[in-house]
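Novice: I'd like to ask some things about the structure below.
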């Protein structure tokens, strides 16, 4: 009988470890989904179409740009602020320059401040939806199409806002190993 009880304890412990591993694996995507749905932490929304309602109330959108240490890019907004009406479809631009001597791929993380505005800030199209590759010395202009939802005016937590800051931080993306191996002279190019 003692062996049966020991096996039950061992299986329970193993089950707990497997459950915790699965929960940890699913935590990041579930948290991202939660933030996208609720705007938690200043996470913006992704709209499938521009707004079709516009209010007469104006809000100032401020633009911020950052790069992580080690990413040899110059990254800046092409406008520092923009006054938009709630529901107005707007287009802003950022500029990035690769100041290194090699091609670099980066991806942008984003948020808005204050956090409570995230649920009302919607992007229709954005450079942040995909990775960006810049060749040495290359400069590109990157658009972001957005609107601030009219619902902000009736949100008791956000109705008082007169400005929102849209912030991006670019991070380097490692080159996939397959792409390195497939290059002539790379590891995959030897003696095939």
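Novice: What is the residue count in region 118-149 for residues that are within 29 Å of residue 102 (Cβ to Cβ) and either in a helix (DSSP H, G or I) or not assigned by TED's automatic domain parsing to the domain that holds residue 73 (or both)?
Specialist: 3
Novice: Another one. Residue 44: at pLDDT below 65 and surrounded by 12 or more Cβ atoms within 10 Å (Cβ to Cβ), yes or no?
Specialist: Here the answer is yes, as residue 44 does meet what is asked.
Novice: Of all the residues that make up region 88-116, how many are modelled with pLDDT of 95 or more and in contact with a helix residue (DSSP H, G or I) (Cβ under 8 Å, 6 or more places away or on another chain)?
Specialist: Count: 1.
Novice: Now for a different question. Going by the structure shown, is residue 123 in contact (Cβ under 8 Å) with a residue 24 or more places away in the chain and farther than 25 Å from residue 51 by Cα?
Specialist: So residue 123 does not fit the description; no.
Novice: Provide a single number: the residues in region 164-180 that are more than 13 Å from the chain's Cα centre (by Cα) and at pLDDT 55 or above.
Specialist: Counting residues in region 164-180 that are more than 13 Å from the chain's Cα centre (by Cα) and at pLDDT 55 or above gives 7.
The values are calculated or read from the model by the stated rules, or taken from the named source; none is laboratory data. None of the values given here were measured: they were computed from a predicted structure. Note that each Cβ is placed from the backbone with ideal geometry, even for glycine, and that neighbours are counted across all protein chains shown.
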